[in-house]
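The values are calculated or read from the model by the stated rules, or taken from the named source; none is laboratory data. Bear in mind that the values here come from a model prediction, so they are computed numbers and not experimental data. Counting neighbours? That spans all protein chains shown, and the Cβs are built from the backbone with ideal geometry, glycine included.
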Amino acid sequence: MPQNQDDPDNPAKNFSAFGHTIDVSRPAPGLYIVATPIGNLGDVTIRALEILAGVDRIACEDTRVTRRLLERYGILTPLLSYHDRNGATQRPRLLEKLAGGAAIALVSDAGTPLVSDPGYKLVREAKEAGIEVFAIPGASSVMAGLVVAGLPTDRFYFEGFLPSRQQARLARIRELAGIDATLVFFESAKRVIKTLTDLHAEFGDRDAVVAREITKKFEETIPGTLGELASGLGDTTILKGEIVLLVGPPPDNAGDGPSLDEALSDALKTLSVREAATEIADLLNMPRRKVYNRALELAGKSPDKDGKG
C-alpha cells in the first residue's frame with residue numbers, strides 16, 4: 001500500500017504498476033501540466049504517474065474522475081477542485097502554494113489540460129509570478145481523432161466546440177470555410193447531427209469523420225461525406241459518449257472541370273437561381289451558400305448580408 005503523504009514522519013511516496021510498487025521522489029517545486037487518459041486508464045505514462053504520486057497536491061476538474069485514475073495505480077496524493085466555476089477563488093490559493101515552494105500537478109478530466117479548458121489562466125499567472133511550469137505530455141483526443149480519421153494531417157486546425165445556437169454556429173462555420181486544413185471539432189452526441197447539417201450547408205460535401213468513444217470499449221470511427229453523415233446518422237440513439245468531429249480541407253477544383261461561373265451560367269439557362277446553386281454546389285463540391293451568392297450576382301441580383309438574396 002502507498003504510504004500516507006500527509007504524514008511528515010513518513011515522506012516516502014510510491015505507486016503500483018506492472019505488479020510492482022515503484023518508489024518516487026518529490027519533484028522540483030513548480031506547476032506540472034499532466035496529461036491523463038482519455039478513456040482507457042492504461043493510456044498513462046510512467047512519468048505522469050511518478051509526478052502524480054510525487055507532487056504535494058493535484059488540481060483537477062472533478063475529484064471523482066481523477067480519483068478513479070489514482071485508485072487504479074494506488075496513488076494517495078491529496079486532490080483539490082479547480083475548474084472554470086471556482087477558478088477565480090482557487091487560483092490565488094494555488095499560486096500562493098506554488099510561490100511557497102509547492103509542487104502541484106494540474107490535470108483535466110481526460111486528456112491534455114488546457115485543450116478546450118481554462119487551465120491556461122493558471123499557467124499564465126504562474127509564469128508571470130516566476131513559477132516554473134513543466135509539461136508532462138500524453139493522451140490527447142485531438143491527436144487520437146486525427147490519426148485514425150484518414151484525413152490529411154500535414155495541416156490541421158483545432159476549433160473545439162462550435163456555438164450551441166444555430167445562428168452563431170453558422171456564422172462561425174462560414175469563417176472557417178476557407179481554412180486549407182483538416183478541421184477538428186469537439187461536439188456533444190445530442191448536437192452532432194445539427195452541426196453536421198450546418199457544416200454541409202456551408203462547406204458542401206467534404207469528406208468527414210465522426211470519431212466517438214476513442215480508446216473506450218465502444219470506440220467507433222464513422223467516415224463519410226458531410227451530407228452522408230448528416231442524413232445517415234439521424235438516429236441519435238446510436239451516438240453516445242464523447243465525440244471528435246473531423247472535416248477535410250476544401251477541395252482543390254483548379255483545372256478540374258468547369259469554373260464556378262461557367263457552370264452556373266450554363267445552369268441558369270434552364271434552372272432557377274436556387275436550383276442552379278444547389279446543383280452546381282454538389283457538382284463542384286463547394287459551399288452551397290457561396291455558390292448561391294455567386295448565382296445571385298450572375299443573375300443580376302444582390303444577396304443580403306445573410307446571403308439569402
Being of a type in the set (A, V, I, L, M, F, W, C) and modelled with pLDDT under 95 narrows it down to one residue among V123, V142, V115; which is it? V115
Can you find, within segment 9-21, the residue that is nearest to G138 (Cα to Cα) among those that are surrounded by fewer than 19 Cβ atoms within 10 Å (Cβ to Cβ) and touching a strand residue (DSSP E or B) at 6+ places or on another chain (Cβ under 9 Å)? S16
Scan segment 161-170 and give yes if some residue there is crowded, with 16+ Cβ neighbours inside 10 Å and outside the structural domain of T215 (by TED's automatic domain parsing), otherwise no. no
Is it the case, given these coordinates, that R155 is under 24 Å from L196 (Cβ atoms), in contact with an Asp or Glu (Cβ under 8 Å, 6 or more places away or on another chain), surrounded by 14 or more Cβ atoms within 10 Å (Cβ to Cβ) and among the charged types (D, E, K, R)? no
Output the residues belonging to segment 81-115 that are at positive phi and surrounded by fewer than 15 Cβ atoms within 10 Å (Cβ to Cβ). G101
Could you please give the count of residues in segment 155-177 that are without any contact (Cβ under 8 Å) to a residue 40 or more places away in the chain and of a type in the set (G, A, S)? 3
For segment 40-66, which residues satisfy the criterion of being under 11 Å from D109 (Cβ atoms) and part of a loop (DSSP other than H, G, I, E, B)? E61, D62
Of everything in segment 74-92, what is touching a Lys or Arg at 6+ places or on another chain (Cβ under 8 Å) and among the aliphatic types (A, V, I, L, M)? Give them in sequence order. L79, L80
Confirm whether L229 is part of a helix (DSSP H, G or I), closer than 30 Å to I58 by Cα and not assigned by TED's automatic domain parsing to the domain that holds L31. no
Are any residues in segment 22-65 surrounded by 13 or more Cβ atoms within 10 Å (Cβ to Cβ) and either among the polar types (S, T, N, Q) or not assigned by TED's automatic domain parsing to the domain that holds A103 (or both), and if so, which ones? T36, N40, T45, T63
